[in-house]
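K.L.:
Please see the structure below; I have some questions.
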Amino acid sequence: MLWASKSRLFLVLFLILDKQLIWEYVRYLRGLYKYNRLERLNSNEYSLRRRLHGIEKGLTQKEFRSEFALSYILETVMTLKNLAPCLHEENPSFFEYSLRVLEEYFFRTHSDDERYIRAMEIFTELKAGHAVEKIPEEERCPNDDSSFFSFLCSRSSIRVFSKEVPSDEVLTYAIRCALQAPSGCNRQPYRFVIIKNDKELLKKVAALPPGGGGNAFDAPVVVFVIGDYSAFPTTRSFHEVYVDSALASLAFVLALHEQGVDSCFMNWPRDYNLSQRLETLLALKPYETVVTSIALGYREMESRVALSVRKTIEEILEIR
Ligand SMILES: Cc1cc2nc3c(=O)[nH]c(=O)nc-3n(C[C@H](O)[C@H](O)[C@H](O)COP(=O)(O)O)c2cc1C
């Protein structure tokens, strides 16, 4: 009892003293408020991007279902309709991409659901007057030269894998590359847990990442990037676990790509139960945290890849 009230007091004191944490949380809440306000108005561009991505994934997945996305197709089309005047003006490539994805969606799917039928009506009105082209297979990589840009463009997240397992040498080289990433004060506060030989464990952990379709896309290898909070003396810098791990993870994935190995990050949400399960399966230390998970292997060649069109430079750049 006494222990519980003491720890609660400690938590309150900690929150009062850690202004930065509160400041961060307030910003996060403001972001959440803005997101939901725009969502209610069907005018949320982030949500549109996310849903179009979900639809693209559905269109490119191995076992194609002729009916999917019913829970959000109407909102997606309404959002596109509401944002159309501004997108058409300011971001025509994203507008065109949106039309293409939805065109293919309505062409290849069928449903009697009233949300689907209504969405199709709105979409038919919306696309009138626009020449909508089919999504090309390989538009992501415009040039085929040896530039770093071309190398980056030639990588895509792959979600359909063959059974072939990358060798330990290939994976170790990618880890060596990951270690070359910069990290705050050169702490390198992470480690990579690669699961490929223990098939029983692989099956158990592959079921956990929510964005991996329940089996981590049936990939022959699953990786967890684990951050180490014991690298930090104060709470001022504990976010660096995420920054440093992300930089190393990108180097890891690019090094895999260099060797012809494909991969897909799988979101690891802030979910207590999920984290507890993984902590037990991987015997994590009490001060470690899961930053992200990655499915990897060799792409099944016939599989299609989502285009995942990028923002424009103007949207993300400010030079002063
Ligand atoms: C942190 C992170 C989490 C991700 N989580 C998932 C996921 O759970 N499921 C999935 O299919 N893709 C996931 N992805 C892949 C993104 O959807 C993909 O990177 C994005 O659409 C851009 O496409 P590209 O990687 O093919 O260039 C994730 C990517 C990142 C960086």
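K.L.:
Residues of the range 8-54 being aromatic (Phe, Trp, Tyr), open to solvent by less than 100 Å² (accessible area, probe 1.4 Å) and under 23 Å from the mean Cα position of the chain (by Cα), which ones?
P.N.:
Result: TYR35, single match.
K.L.:
Now a separate question. Return a yes/no flag: does the range 164-180 have any residue that is in the same structural domain as PHE238 (by TED's automatic domain parsing), within 16 Å of the ligand (Cβ to nearest atom) and either over 20 Å from TYR298 (Cα atoms) or of a type in the set (Phe, Trp, Tyr) (or both).
P.N.:
no
K.L.:
Looking only at the range 203-214, which residues are within 12 Å of the ligand (Cβ to nearest atom) and not in a helix (DSSP H, G or I)?
P.N.:
Listed by number, the residues that qualify are LEU208, PRO209, GLY213, GLY214.
K.L.:
Can you tell me which condition GLU114 does not meet? The list is (1) closer than 24 Å to ARG304 by Cα; (2) at pLDDT 95 or above, and all the others hold.
P.N.:
(1)
K.L.:
While we're looking at this one, here's another question. Pairs, please: C-beta under 7 Å, at least 6 apart or cross-chain, first residue among the small types (Gly, Ala, Ser) and in the range 143-155, second open to solvent by 50 Å² or more (accessible area, probe 1.4 Å) and assigned to a loop (DSSP other than H, G, I, E, B)?
P.N.:
Listed pairs, sorted by first residue: SER150/ASN143; SER150/ASP144.
The values are calculated or read from the model by the stated rules, or taken from the named source; none is laboratory data. Since we're looking at a predicted model, the values are computed, not measured. FYI the Cβ positions are ideal-geometry reconstructions off the backbone, even for glycines, and counts take in every protein chain you see. Heads up: the accessible areas ignore ligands, DNA and RNA and are worked out on the full protein's heavy atoms, side chains in. Shrake-Rupley method; radii C 1.70, N 1.55, O 1.52, S 1.80 Å.
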